[in-house]
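To keep things clear, I will list the structure first and then write my remarks on it.
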Amino acid sequence: MTTGQMVTMDGNEAAASIAYLTNEVIAIYPITPSSNMGEHSDEWAANGKLNLWGTVPEVVEMQSEGGAVGAVHGALQSGALSTTFTASQGLLLMIPNMYKIAGELTPTVFHIAARALASHALSIFGDHQDVMSTRATGFSMLSSCSVQEVMDMALISQAATLEGQVPMLHFFDGFRTSHEVSKIEKLDNSIVQAMMPEAAIAKHRLRAMSPDRPVLRGTSQNPDVYFQSKERSNPYFDAMPGIVQEQMDKFAKLTGRQYKLFQYVGAPDAERVIVLMGSGCDTAHETVDHMLAHGEKVGLLKVRLYRPFSAADCLAALPTSVKKIAVLDRTKEPGSDGEPMYKDIITALTQDFMSGQGRYAQLPLVIGGRYGLASKEFTPGMVKGVFDELSKANPKRQFTIGIKDDLTHLSLDWDATFRTDEEAATMKAVFYGLGSDGTVSANKNSIKIIGEETDLYAQGYFVYDSKKAGAITTSHLRFSEKPIRSPYLVGENDAQFVGCHQPIFLERYDMLDMAKQGGVFLLNTALSADQIWDTLPRRMQVQILEKNLSFYVVDAYKVAREAGMGNRINTIMQTCFFAISGILPREQAIEKIKYAVEKTYGRKGRKLVEMNFTAIDMTIANLHQVAVPALVTSTLERPATVPAHAPEFVRNLTAIMMEDRGERVPVSLLPADGTYPTGTAQWEKRNLALEIPVWDEKLCTQCGKCVFVCPHSAIRAKIFSADAANGAPETFKYVPLRSKGYESGLQISYQVAPEDCTGCTLCVEACPIRDKSNTSHKAINMAPQPPLRTPEGENWEFFTKIKDYDRTKLNPAAIPSAMLMQPTFEFPSACVGCGETPYIRLATQLFGDRMLVANATGCSSIYGGNLPVTPYSKDQNGRGPAWNNSLFEDNAEFGLGMRVACDSLESYAKSLVKRLASQIGDDLATGLLTAVQDNEAGIYEQRERVAALHEALKGIDSSEARAMTDMAEYLVKRSVWIIGGDGWAYDIGYGGLDHVLAQTRNVNILVLDTEVYSNTGGQNSKSTPVGAIAKFAAAGKPTHKKDLAKLAMDYGHVYVAQVAYGAKDVQTLRTFMEAESYDGPSLIIAYSPCIAHGVDLAYNLRQQEMAVKTGHWPLLRFDPRKTEKGENPLKLDYSAPSMPMQEFYSTEARFSMLFRSHPEDAKRFLQEAGYNARERFRHYKELADLPGSAPISADTPES
Amino acid sequence: MIDLSTSYLGLTLKNPLVPSAGPLTRSLDSVKRLEDAGASAVVMYSLFEEELLKEERMLDRFITNPSLGHGEADSFFTPHPNYKSGLDAYLEQLSKIKASLSIPVIASLNGVTASGWVAHGKELQAAGADALELNVYYVAADFNQSAADVEARYVNLLKSLKQHVSIPVTMKLSSQFTSLPHFVKQLEAAGADGVSVFNRFYQPDIDLETLGLTDKIGVTSSKELLIRMRWIAVLFGKVKLSLAATGGVHTRDDVLKLLLAGADVTHLCSGLLLQGPELIGQLLDGVSAWMERREYESVAQLKGSLSQQHSSDPVAFARESYIRVLDSYTPVTKAWQ
């Protein structure tokens, strides 16, 4: 037996490490939370890491999970050992092929970070809905409960599938296991080798397609033999459980870890037993141990091999003493009379019972419950709650645990304060940080240090919120002398150590709820130890005193600044943790932290190593214990999350989610169908900006560029009559409007939303006006936010209440006036300086009151629709975009469906108008039917007519009139927008996009092109330019970016444009106007600088300019309406490349890094990029210079 | 046969033409072309302190510690194992250049702070540099720093570097020292093996279109030579360290004048960029022909013969020449008037 090396890693790495060693072809596609498995494989392959057979596995990125599984199928059929990794919707896309792979008895293992499915809402979090959807495919299903098991089962499943030829899904809980960092025993290569069945591999090779042994597989069969053929494979499935158990036994001999298909834990004479699978097993195991120690006769059946389901093994594992069983399913099948595993257990018991020789004289009572959907917490208290339910004389047959169901009353109560002895004995720490402050990486580092330098076991789990900017992270750490079996968050009153890395959290979260009696509270603050006490909220003071907490402060930002580390506080806070917790002797800890720093940066970051060392040394001197006074002195109460005048829905539900207390929301409070109000982002005041822009109204020429570039719609312009400013706050700024063409006496104000601005500085960057005597002063300038927060907040309130100017009088084709239109997309949680959001904001300014949005999954669906709030909002008339996200892959089709529906219902409405014409008045009917709605005024007039129609319908009582009432809104023009990123448009959704382009329907497709999969972490897409580094293209993308515009132009009838708002704002504006006005498919490909480019987004506008000047990003418009007029439809809006590509490439890490890792390739790619840019220009120029062709007419000859 | 050899930083060079740190000393190909054209040594392009730091910070921000903090992505780039830092890339290039050339290679360090980056000198030495040029590219625009503080910065950096290396070190100086001779003496005392005069600072310019600043550096012209010539002439013979003239050397006459003033070597950069490496051969031919015509035997013979020390008109290099220039706005008869 080999004792492996102890390492700390997460579940994804554990799975990938075995998959990599035991496979030759790995086909991947990113999807949370499984992306990391593919990334690890890609990274290892790029590093030349070898598999068991001494080759570097081929890692291929595909265009979708459907593509990945197709490639795996092909690789398997051609004799390679092949695997893939996926989750959720990705697994659903694999299902068709999984039937094939299983039907052909092909050995493979798919490793799944099991995740919820998108239904009423998308969720990236863990449960078993995805794997449960594959039950019918014929794949075996093997479940892992912990990071250690992930590594073990990855190997066991690989061995078993090879032996048994039945393919396997190896799954573990998304995030909870895939992302939990844990100290585990690594499987030595010799063990992996020993588990690989040589003969079976040889057999797999021999079954491969080969022209030397030609066969036909994949026939099409008729009624005569299909059925029998289907039955022919039964023996393989029948044998599979035995084979898996054999491999488990073999594995036990090699490692000492014995697994069973169904593993029973608990009293041999237990009367109450819980059955479940996945990470919840560990929680239940810990709880059962505790209950046993306290004299209760309970047990737990861990289901490992779920398919093929071996009823015999299942029942054999259950003690005959069992009287009541609760089966917990981490899934939901709406409308079924029980979840799948519950039914499997009942079937097993009843079949056994019906045999007449069953194990049970009387059938045990079996109840079924759902738990843990989308990573809902599953704690020992809940396990205890289920056992308590089983103790009742008449337990609920169907139940849920972990939520409060006040609607259908299925939920069980549980004791939230219940703790196991095991849990009580572990050391626990909780850290609150910002995503950007490095708290998570510091904690991962601490776990590594403790895990690898001491005998202690360590566990880390990290909770992120979904915001891209200002995201909050909570780190939950456990350390123990015994292996840790607690896959749930650290509970209230449990943490011996609470670290708050951001002082702003003091006013937002009740962090000390987590602190244990006698624990430690560490606060990063600029205030000194003797100043801090009086500034704490009252509740916090009370908790510090009542819980007798030791309280420490450190000014980590000061230390970081002085050590030259800018705002990096991770090593400083880490040093504090070690210094206070005493988990390692202080000197040793510091030595280890320094060692870790050195290992992290190595030769590549020697200056950073020095700076970190300085910071570490300075930290101890700056860490002070606060002499806690005996009395509560504070009167500060945490401010209300939302003001009293917020809408009821926001007060009752949204605010609770904002406070991070959504766990407490009962079922009845939630919408049944996933429908939420828009306009909610305004209630979440995030106060991210240290500095915000301040308008110099005297200098300003009112050009509107600041509004145009704002990624968060946090600066707005409005015009109004002077009397509208009556009662304005004292500091509210407004000046006479300079533009001509309006009635006289109008005033204009540019107003910043001080608590919503993220401080990206792009408005200042865009401002073209400088003070003549001091060119560093512009018409808009950054200034510290805190003193402005209250006065500007009041000004903002006032500004938003001023009546919007009449849209029909504004010229949407000119920026100064277009920017007076109010956006209905505001304060998205996108990255500071995001390059995508200005395009969406612009669309809503121009068309928001009539927009339907189909949004592909990705960044734009996350900042667009991730709860608690949405940036999509309403105008003063209550109109605004209606938004929905279907899937990643079907967005174009989804949007097309919207268009077709609108067209169809418009026809219906028109037919009703015709039918009711005499009753509503012929003039009105004619007006409604012949309305020209190609501008704001036309739309306004039609809305007036529709209002008149409603008025007229009031007096008519007929079914047609009632239908007309419902349909009337379709008489007003609707603007359908299909929005998504390049991952969607160029890759997974390209087929659909292409099909929609091939139709003639009036849809507006906006591709927010970041040239990489941004949301899942920067994977290469077909939009990624040559020479760029991306995940899955670590050695630089060797091929050119797909020219989507060219492909679309080829249709001839599609309006196509490429825009970059930071390079040519007017062209962007015109494009949006033209695209929307075109009565057919329009495609706008919008250059969107992204943090994944490796450049600070403060340079967003500069990067766009460079992209255009170098020819990297052509600006063009192709308008089929011109063809109809006999003109050339193509117009180039950029000049011949005038800047060397190198100047652009050297400013972005995605390109420049390649010069350090692959200088020769990088040079060649750069040369190609420059050449391509010039050639593309030349080619486009020739096309654009061609004279127009005479349009087709009746006289046009056929040949 | 004219003996063009010269001694610089203790190295014997076959002639006084040494291409200075610039674009042509980046690639192996162009360095080879410089050697083939007759260069007696090369100064490699500079290893910039800020560039190293900037790159490390970039690496930290985007790769090592991206700290994105959202659940779906914790990074955007995976570091490639082949990734080399700017320092490693420089060292590798230095080794390659050294291995492919037979002439000495002078490596160049460019930076201004006492943060310890000069310690990299040791690695440059290990990579094969025959000597080092320390370019303290420091614009003294800090109102709190006295002239003495500025000088101390140079001296301290030099001392610090000398602790790490045993190969010769030359200091590249700016022209803006209050008392250059006194300062050079200090450098000599601190261990400098040579000085190179003068650095050219990027001069910001104003773009009237954008009302912004531009900072592109242009090529030099021979006009910039005179200030260098003066100070070489002043320093020659009064200090033992080597003297290099850099900036404005384009023609045979430029080279000769600098040698006559006392330069041990003359650096070339703009001239090479404008006319290609072949310029070196033309200059060498021209210098030889001139010397032959004048019956000079060797560079050693003419070096410094018109320095302040040896000049028949020593005041020409000092303040009085200014007065004379003002007084007699007539064509000069002597070389310096």
Inset, instruction - Please indicate, with yes or no, whether at least one residue in the range B:113-136 is more than 30 Å from A:Arg115 (Cα to Cα), part of a loop (DSSP other than H, G, I, E, B), within 14 Å of chain A (Cβ to nearest Cβ) and touching a residue at least 60 places away in the same chain (Cβ under 8 Å). - result: yes
Inset, instruction - Could you check, for the range A:1059-1073, whether at least one of its residues is crowded, with 24+ Cβ neighbours inside 10 Å and within 14 Å of chain B (Cβ to nearest Cβ)? - result: no
Legend entry - helices (runs of 4 or more DSSP H) lying entirely in the range A:139-256 (those with 2 or more residues that are farther than 18 Å from A:Lys302 by Cα and of a type in the set (Gly, Ala, Ser)): A:147-164, A:189-195, A:198-206
Legend entry - Lone unmet requirement of (1) crowded, with 17+ Cβ neighbours inside 10 Å; (2) in a helix (DSSP H, G or I); (3) modelled with pLDDT under 95 for A:Ile620: (1)
Inset, instruction - Answer yes or no as to whether B:Ser75 is within 14 Å of chain A (Cβ to nearest Cβ), of a type in the set (Gly, Ala, Ser) and either part of a loop (DSSP other than H, G, I, E, B) or over 30 Å from A:Thr1016 (Cα atoms) (or both). - result: yes
Inset, instruction - Taking the residues in the range A:99-144 that are surrounded by fewer than 24 Cβ atoms within 10 Å (Cβ to Cβ) and polar (S, T, N, Q) as candidates, determine which candidate is farthest from the other protein chains (Cβ to nearest Cβ). - result: A:Thr106
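With buried (at least 16 other Cβ atoms within 10 Å of the Cβ) and more than 22 Å from A:Thr761 (Cβ to Cβ) as the only criterion, which of A:Ala717, A:Ala728, A:Ala689, A:Ala722 stands out?
Sole residue among the options that is buried (at least 16 other Cβ atoms within 10 Å of the Cβ) and more than 22 Å from A:Thr761 (Cβ to Cβ): A:Ala728.
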Inset, instruction - Being farther than 27 Å from B:His267 by Cα and among the small types (Gly, Ala, Ser) is the filter; apply it to the range B:134-172 and report the residue that is modelled with the lowest pLDDT. - result: B:Ala141
Legend entry - Test: A:Ser1082 is in contact (Cβ under 8 Å) with a residue 60 or more places away in the chain, more than 14 Å from chain B (Cβ to nearest Cβ), buried (at least 24 other Cβ atoms within 10 Å of the Cβ) and under 26 Å from A:Pro816 (Cβ atoms): yes
Legend entry - Qualifying position, being buried (at least 24 other Cβ atoms within 10 Å of the Cβ), on the phi > 0 side of the Ramachandran plot and hydrophobic (A, V, I, L, M, F, W, C), among A:Phe171, A:Phe175: A:Phe175
Inset, instruction - With the checklist (1) modelled with pLDDT under 95; (2) among the hydrophobic types (A, V, I, L, M, F, W, C); (3) in contact with a helix residue (DSSP H, G or I) (Cβ under 7 Å, 6 or more places away or on another chain) in hand, flag the one item A:Leu1069 doesn't pass. - result: (1)
Legend entry - Set A:Ala1107, A:Ala1048: member being under 26 Å from B:Ser75 (Cα atoms) and either assigned by TED's automatic domain parsing to the domain that holds A:Thr1147 or in a helix (DSSP H, G or I) (or both): A:Ala1107
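Which one of these is away from chain B (no Cβ under 14 Å), closer than 20 Å to A:Tyr1061 by Cβ and not in a loop (DSSP other than H, G, I, E, B): A:Ser817, A:Ser749?
A:Ser817
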Inset, instruction - Identify all residues within the range A:326-336 that are more than 29 Å from the chain's Cα centre (by Cα) and free of Cβ contacts under 8 Å to residues at least 60 places away in the same chain; write none if there are none. - result: A:Val327, A:Ser336
Legend entry - Residue among B:Glu278, B:Glu224 that is loosely packed, with under 15 Cβ neighbours inside 10 Å and either within 21 Å of B:Val43 (Cα to Cα) or out of contact with any strand residue (DSSP E or B) (no Cβ under 6 Å at 6 or more places or on another chain) (or both): B:Glu278
Inset, instruction - Taking only the range B:142-183 into account, find how many residues are hydrophobic (A, V, I, L, M, F, W, C), within 23 Å of B:Thr246 (Cα to Cα) and in a loop (DSSP other than H, G, I, E, B). - result: 2
Inset, instruction - Go over the candidates A:Glu185, A:Glu163 one by one and state the one that is out of contact with any strand residue (DSSP E or B) (no Cβ under 9 Å at 6 or more places or on another chain), over 30 Å from A:Asn884 (Cα atoms) and surrounded by fewer than 24 Cβ atoms within 10 Å (Cβ to Cβ). - result: A:Glu163
Legend entry - One residue from A:Ala1162, A:Ala1169, A:Ala1190 being more than 14 Å from chain B (Cβ to nearest Cβ), in contact with a Gly (Cβ under 8 Å, 6 or more places away or on another chain) and outside any loop (DSSP other than H, G, I, E, B): A:Ala1169
Legend entry - Selection count where residues are closer than 22 Å to A:Lys685 by Cα and part of a loop (DSSP other than H, G, I, E, B), scope the range A:836-861: 1
Legend entry - Test: residue in the range A:541-560 that is assigned to a helix (DSSP H, G or I) and within 14 Å of chain B (Cβ to nearest Cβ): yes
Inset, instruction - May I ask you to list pairs of residues, at least six apart or on different chains, whose Cβ atoms are under 9 Å apart, with the first in the range A:1091-1110 being away from chain B (no Cβ under 13 Å) and over 15 Å from B:Leu59 (Cβ atoms) and the second being among the charged types (D, E, K, R) and in a helix (DSSP H, G or I)? - result: A:Asn1100/A:Glu765; A:Leu1101/A:Glu765; A:Met1106/A:Glu1143; A:Lys1109/A:Glu1143; A:Thr1110/A:Glu1143
Inset, instruction - Any chance you could count how many residues in the range A:663-677 are within 20 Å of the chain's Cα centre (by Cα) and surrounded by 15 or more Cβ atoms within 10 Å (Cβ to Cβ)? - result: 1
Inset, instruction - Give the residue that is nearest to the other protein chains (Cβ to nearest Cβ), with candidates limited to residues of the range A:15-70 that are assigned to a helix (DSSP H, G or I) and β-branched (Val, Ile, Thr). - result: A:Ile18
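Just for the range A:561-576: of the residues that are of a type outside the set (A, V, I, L, M) and assigned to a loop (DSSP other than H, G, I, E, B), which one is farthest from the other protein chains (Cβ to nearest Cβ)?
A:Asn567
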Legend entry - Tally of residues being touching a residue at least 60 places away in the same chain (Cβ under 8 Å) and within 31 Å of the chain's Cα centre (by Cα) across the range A:400-422: 9
Inset, instruction - Kindly check whether there is at least one residue in the range B:17-39 that is acidic (Asp, Glu) and under 30 Å from A:Ala830 (Cβ atoms). - result: no
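For the range A:551-565, check the following and say yes or no: at least one residue is of a type in the set (D, E, K, R), surrounded by fewer than 19 Cβ atoms within 10 Å (Cβ to Cβ), in contact (Cβ under 8 Å) with a residue 24 or more places away in the chain and within 30 Å of A:Glu492 (Cβ to Cβ). Talk me through it step by step, then tell me what you get.
Of the range A:551-565, the ones of a type in the set (D, E, K, R) are A:555, A:558, A:561-562.
After this cut, where a residue has to be surrounded by fewer than 19 Cβ atoms within 10 Å (Cβ to Cβ) as well, the list is A:558, A:561-562.
Imposing the further condition that a residue be in contact (Cβ under 8 Å) with a residue 24 or more places away in the chain reduces the set to A:558, A:562.
When the remaining residues are screened for being within 30 Å of A:Glu492 (Cβ to Cβ), the result is none.
No, the range A:551-565 contains no residue that is of a type in the set (D, E, K, R), surrounded by fewer than 19 Cβ atoms within 10 Å (Cβ to Cβ), in contact (Cβ under 8 Å) with a residue 24 or more places away in the chain and within 30 Å of A:Glu492 (Cβ to Cβ).
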Legend entry - the range A:599-609, subset within 7 Å of chain B (Cβ to nearest Cβ) and more than 32 Å from the chain's Cα centre (by Cα), residue modelled with the highest pLDDT: A:Lys607
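The values are calculated or read from the model by the stated rules, or taken from the named source; none is laboratory data. The shown structure was predicted, so the numbers you read here are calculated from the model rather than taken from an experiment. Please note: Cβ atoms are built from the backbone with ideal geometry, for glycine as well, and neighbour counts cover all protein chains shown.
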